[in-house]
1. Quick one: 88, 15, fewest Cβ neighbours within 10 Å first, how do they rank?
2. Taking the Cα centre of region 2-63 as origin and charging only Cβ (+1 Lys, Arg; -1 Asp, Glu), how large is the dipole, in debye to the nearest 20?
3. Sort 43, 8, 95 so the one with the fewest other Cβ atoms within 10 Å of its own Cβ comes first.
4. For the residues 34, 121, 80, what sequence is obtained by ranking on other C-beta atoms within 10 Å, fewest first?
5. Using a simple charge model, +1 on the beta-carbon of Lys and Arg, -1 on the beta-carbon of Asp and Glu, nothing else, what dipole does the chain show about its Cα centre, in debye to the nearest 20?
6. Can you compute the modelled spin-label distance between residue 3 and residue 99, with each label point 7 Å from Cα toward Cβ, in nm?
7. Sticking with the crude label model, points 7 Å out along Cα→Cβ, report the distance from residue 43 to residue 15 in nm, one decimal please.
8. Label region 2-63 by shape, choosing from rounded, prolate and oblate, from the square roots a ≥ b ≥ c of the eigenvalues of the Cα gyration tensor; if a/c is under 1.5 it is rounded, and otherwise prolate applies when a/b is larger than b/c, oblate when it is not.
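Read-outs: derived from the displayed coordinates by stated rules, not from any lab. Owing to the predicted nature of the structure, the values given are computational and were not obtained by experimental measurement. No Cβ is skipped: glycine too gets one built from the backbone with ideal geometry, and neighbour counts run over all protein chains shown.
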Amino acid sequence: MLELLTREGARRSVIVTGATTIRQNGGGARPSGIAPYDLVKVEGTVNSDGSVAATRIDVELAAAAAAQVSGDVARSFGEIQGLVVGDIMVVVSGETTFIRGIGPAAFKQLAPGQPVTVYGIPISIGSTPVGLRARLVVVR
């Protein structure tokens with residue numbers, strides 16, 4: 001059983017069985033391979049109690065393997081939804097998920113001095129890293 005937080009902030013129990021297909025980065029994975037802060041997509045049947053009997057789980061972002069930056073927000077650019085964390089420029093988009101503790105958060109809650117950990121995909125110009133495209137922002 002997995003306990004997940006949806007993008008809308010609802011908590012869902014997901015039942016994983018031997019018949020559940022779990023894929024990570026295009027390959028197979030075991031349920032024990034799903035960890036906190038991983039971003040997953042679940043397909044299955046919604047039970048009467050609101051839980052989901054998963055037929056397939058796709059790990060879209062394995063947090064442990066993702067590029068990350070931790071520290072205080074140095075600057076927040078609301079008009080373009082961007083951040084500077086440490087010396088790293090972080091780009092936020094509609095694909096970015098924000099969480100605080102065990103619940104949802106939002107970009108507008110971020111202010112200079114706020115500690116965060118950002119998981120995402122590196123942005124490079126040629127071979128020079130210039131930033132991070134955020135998939136998950138964990139507000140501390």
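1. Numbers: 88 20, 15 14.
Starting with the residue having the fewest Cβ neighbours, the order is 15, 88.
2. Working: 7 positive and 7 negative charges, 18 e Å.
Value, rounded to 20: 80 debye.
3. Details: 43 12, 8 6, 95 15.
Fewest-to-most ranking of 43, 8, 95: 8, 43, 95.
4. Numbers: 34 18, 121 15, 80 7.
Final ranking by Cβ density, sparse to dense: 80, 121, 34.
5. Working: 13 positive and 11 negative charges, 13 e Å.
Here the size comes out at about 60 debye.
6. The modelled label-to-label distance comes out at 1.1 nm.
7. 2.0 nm
8. Values: a/c = 2.04, a/b = 1.25, b/c = 1.63.
Note, shape of region 2-63 comes out oblate.
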